[in-house]
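Below: the structure, in structure tokens.
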Amino acid sequence: MTHDYAQKVRTLGAALEDKIIEWRRYYHAHPELSLHEFSTCDQIERELDALGFEHKRVAKTGIIATIRGGAPGSYSSSGMPCTRIALRADIDALPVEEQNKVSYVSQNKGVMHACGHDCHIAMMLGALHILKACQSAIKGEIRVIFQPAEEISDGAQMMIDAGALEGVSAIYGAHIWSEVQAGTISCAPGQRMAHTDWFRIDIEGVSAHGSMPHKGVDALVVGAEMVTGLQVLVSRDVSPFEPVVVTVGEFHSGTARNIMAGSAYLTGTIRTWSKQLRTEVPKRLKRIATDIADSFGATARFTYEEGNPGLSNTPEEAKRCERAVRALLGDAAVSDYRGTLSGEDFAYYLEHVPGVFAFIGARNEEIGARYPQHSCFYTIDESALVGGSMVAALWALDYLQEHA
């Protein structure tokens, strides 16, 4: 069924490519942090108004838009769609000072679209324009979710609580991705991203004069030992066949150069692939931290916070997405990317409805698009954007045609 629409989608996409890049550059130059995406929402709503799509603001800085199918039988006599699916794009930026020298560099100091959410907005707007041109043939309804606060892992649940998934049968999401080559897209079935959890360790020692270390318990030294010691879990306490990452991202201690620190704290993240290790790893980290502190005569308090669940694609919707990639971009465009221990709150949607999360390749070392997500030098091969728009649109059209 995918091929029924593919040529039209390709033609529409080709005509939109320059506009999609223009949108991306606008949003890149005007990034906003999580739950502060007010101007971003205003601009998106102007685009929705121009297309004539209904929309409403929810969850403070989220938007739910509706594409009503124009084909006969799209709605029952009571006004309910015969089928409703969803497309999602996240819209927030990061607290990063951009170092790129481009004409569309961030105009908001200390804020940057360093993870590609500017691209997600642009690709979704492109998909909406394609779907608008196909609206008379759409049987059913497409709900479009512009989601805030993905970077702080709150946005998806906020949108779900606001009713974004009510009546939805399946959902599509995508991420522009620096580890996947531009011109290719990865949408394999099964688990694609990790469980992403957080920890903090508070260390209490005894402060003393820096010239009299034997009079105190140096919390800074204890913390330094923990930074190294926690990695023993990954290198020696877990099977090498099990993907696990333990990263200490913050280490704070000390008040002056001649005072031995009486307290310290570490914060970090735990990334696990299996559900079993997600349960076991925090217990092991707590044991290591407590034992290290005890061996120095200090105390440690371990705090654990559960974050996003692992993200797994539904086999049927992953296959539908792959068909769209092949039909639009060719067989060689299907990437064999194995997945990542990064996390995504799109996983919460997939706990409620079937769906697929695609990685849109944007890596192109020849033009400098080689830096990872969250880098101050992050950039993309913009030729990848139109493919993301087309695949989202064709996935939606294929689903609604099959379930008409």
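What to note about this one:
- Residue selected from the stretch 3-21 under the condition of a type in the set (Asp, Glu) and touching a residue at least 40 places away in the same chain (Cβ under 8 Å), by the criterion least open to solvent (accessible area, probe 1.4 Å): Glu17
- Residue that is least open to solvent (accessible area, probe 1.4 Å), among those in the stretch 115-161 that are of a type in the set (S, T, N, Q) and assigned to a helix (DSSP H, G or I): Gln135
- The residues in the stretch 50-71 that are on the phi < 0 side of the Ramachandran plot and assigned to a loop (DSSP other than H, G, I, E, B) can be counted, and the count is 5.
- Remark: Val180 falls outside the filter, which requires a residue to be open to solvent by less than 20 Å² (accessible area, probe 1.4 Å), touching a residue at least 40 places away in the same chain (Cβ under 8 Å), assigned to a loop (DSSP other than H, G, I, E, B) and closer than 30 Å to Ile360 by Cβ.
- Given (1) open to solvent by 30 Å² or more (accessible area, probe 1.4 Å); (2) touching a helix residue (DSSP H, G or I) at 6+ places or on another chain (Cβ under 7 Å); (3) under 25 Å from Ile85 (Cα atoms), number of the condition Gly310 does not satisfy: (1)
- Per-region count, the stretch 268-297, residues touching a Lys or Arg at 6+ places or on another chain (Cβ under 9 Å) and closer than 14 Å to Pro309 by Cβ: 2
- Residue tally, condition open to solvent by 10 Å² or more (accessible area, probe 1.4 Å) and within 30 Å of Leu400 (Cβ to Cβ), over the stretch 84-114: 1
- Residue within the stretch 60-76 that is over 15 Å from Ile145 (Cα atoms) and modelled with pLDDT under 95 present: no
- Number of residues in the stretch 304-340 that are in a loop (DSSP other than H, G, I, E, B) and farther than 20 Å from Ala170 by Cβ: the value is 6.
- Of all residues making up the stretch 22-42, the number that are among the polar types (S, T, N, Q) and surrounded by fewer than 18 Cβ atoms within 10 Å (Cβ to Cβ): 1
- Those residues of the stretch 251-280 which are part of a loop (DSSP other than H, G, I, E, B), open to solvent by 70 Å² or more (accessible area, probe 1.4 Å) and of a type outside the set (Lys, Arg), in sequence order: Thr255, Asn258
- Boolean, Val248 is surrounded by fewer than 19 Cβ atoms within 10 Å (Cβ to Cβ), hydrophobic (A, V, I, L, M, F, W, C), in contact with a strand residue (DSSP E or B) (Cβ under 6 Å, 6 or more places away or on another chain) and free of Cβ contacts under 8 Å to residues at least 40 places away in the same chain: yes
- Residue tally, condition touching a strand residue (DSSP E or B) at 6+ places or on another chain (Cβ under 8 Å), farther than 23 Å from Ala156 by Cα and surrounded by fewer than 24 Cβ atoms within 10 Å (Cβ to Cβ), over the stretch 323-359: 7
- Count of the stretch 211-237 residues which are in contact (Cβ under 8 Å) with a residue 60 or more places away in the chain and either of a type in the set (Ser, Thr, Tyr) or within 16 Å of His252 (Cβ to Cβ) (or both): 6
- Subset of the stretch 360-376 that is open to solvent by 10 Å² or more (accessible area, probe 1.4 Å), in contact (Cβ under 8 Å) with a residue 24 or more places away in the chain and under 17 Å from Ala182 (Cα atoms) - its residue that is farthest from the chain's Cα centre (by Cα): Asn364
- Restricting the first member to the stretch 195-210 and to residues that are within 10 Å of Thr299 (Cβ to Cβ) and touching a residue at least 24 places away in the same chain (Cβ under 8 Å), and the second to residues that are open to solvent by 70 Å² or more (accessible area, probe 1.4 Å) and β-branched (Val, Ile, Thr), the beta-carbon pairs closer than 6 Å and six or more apart or on different chains are Glu204/Thr299.
The values are calculated or read from the model by the stated rules, or taken from the named source; none is laboratory data. Just so we're clear, the structure is a prediction, and the values are computed from it rather than from any experiment. Don't worry about glycine lacking a Cβ; one is built from the backbone with ideal geometry, like all the others, and counts go over all protein chains shown. Each accessible area value is taken on the protein alone, full model and side chains, heavy atoms only, with ligands, DNA and RNA left out. Shrake-Rupley method; radii C 1.70, N 1.55, O 1.52, S 1.80 Å.
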